[in-house]
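Reviewing the structure listed below.
The values are calculated or read from the model by the stated rules, or taken from the named source; none is laboratory data. Since the model is a prediction, treat every value here as computed from it, not as a measurement. Note that each Cβ is placed from the backbone with ideal geometry, even for glycine, and that neighbours are counted across all protein chains shown.
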Amino acid sequence: MFQYYVIIFSFALLLGCNNSEKEAVDKSKCKTDDNLIPGMGEYMVQLDYHHQAMMTAIGDTNFKRVDFEIDEMDEVFEKIEHFHNQHKKLKQSFSASTQTFMLPVLNDLRRVVTRKNVDSCRIIFSKLSRNCNACHLANEVEFIKVK
Ligand code: HEC
């Protein structure tokens with residue numbers, strides 16, 4: 001009888017080991033699976049969301065939220081730079097484009113937000129929207145219009 005227990009116990013151990021080994025393999029597979037990295041279009045949808053949220057926040061004179069959305073946009077830029085800097089649809093690197101079109105305007109916005117000046121926020125925000133569209137034009141997707 002004791003022998004049976006030993007056999008069953010060993011079997012259980014063996015199964016347990018196998019399972020954890022399999023899990024480890026699957027996890028490492030996930031990490032390297034390119035399909036799990038959002039495409040540039042998906043990051044653009046995120047930018048669009050933050051852009052809309054920013055517009056609403058300016059309308060509500062919710063300066064903390066405006067500031068928050070600037071940081072959120074920055075994070076999306078970093079991700080696009082990391083994963084899609086040389087995307088085939090881009091005429092020049094994403095980092096070079098954001099340096100021209102996005103970063104100076106976002107810095108201006110950051111400055112006026114701390115002064116809580118809603119009119120200046122509005123003016124700079126519309127410049128930001130124009131620059132989203134300028135980059136779309138430069139990359140021949142001008143039919144994607146940001147308002
Ligand atoms: C580097 C230039 C560049 C900048 C800056 C840029 N875009 Fe884009 N955007 C693109 C390109 C290129 C596409 C097409 C992506 C594709 O084909 O997947 C695109 C696509 C989009 C789309 C369509 C996504 C979809 O799949 O439906 C939206 C929405 C968008 N951008 C919003 C914005 C907003 C909002 C900003 C500014 C805050 C912005 N973009 C800034 C280059 C840019």
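In table form, for the structure just shown:
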quantity	calculated
Single match in VAL141, VAL146, VAL76, VAL66 (criterion: surrounded by 13 or more Cβ atoms within 10 Å (Cβ to Cβ), at pLDDT 95 or above and either more than 29 Å from ASP34 (Cα to Cα) or away from the ligand (no atom under 11 Å from the Cβ) (or both))	VAL66
Given (1) surrounded by 17 or more Cβ atoms within 10 Å (Cβ to Cβ); (2) touching a Pro at 6+ places or on another chain (Cβ under 9 Å), index of the condition PHE83 fails	(1)
Of residues in the range 105-138 being of a type in the set (Val, Ile, Thr) and closer than 15 Å to MET54 by Cβ, the one farthest from the ligand (Cβ to nearest atom)	VAL118
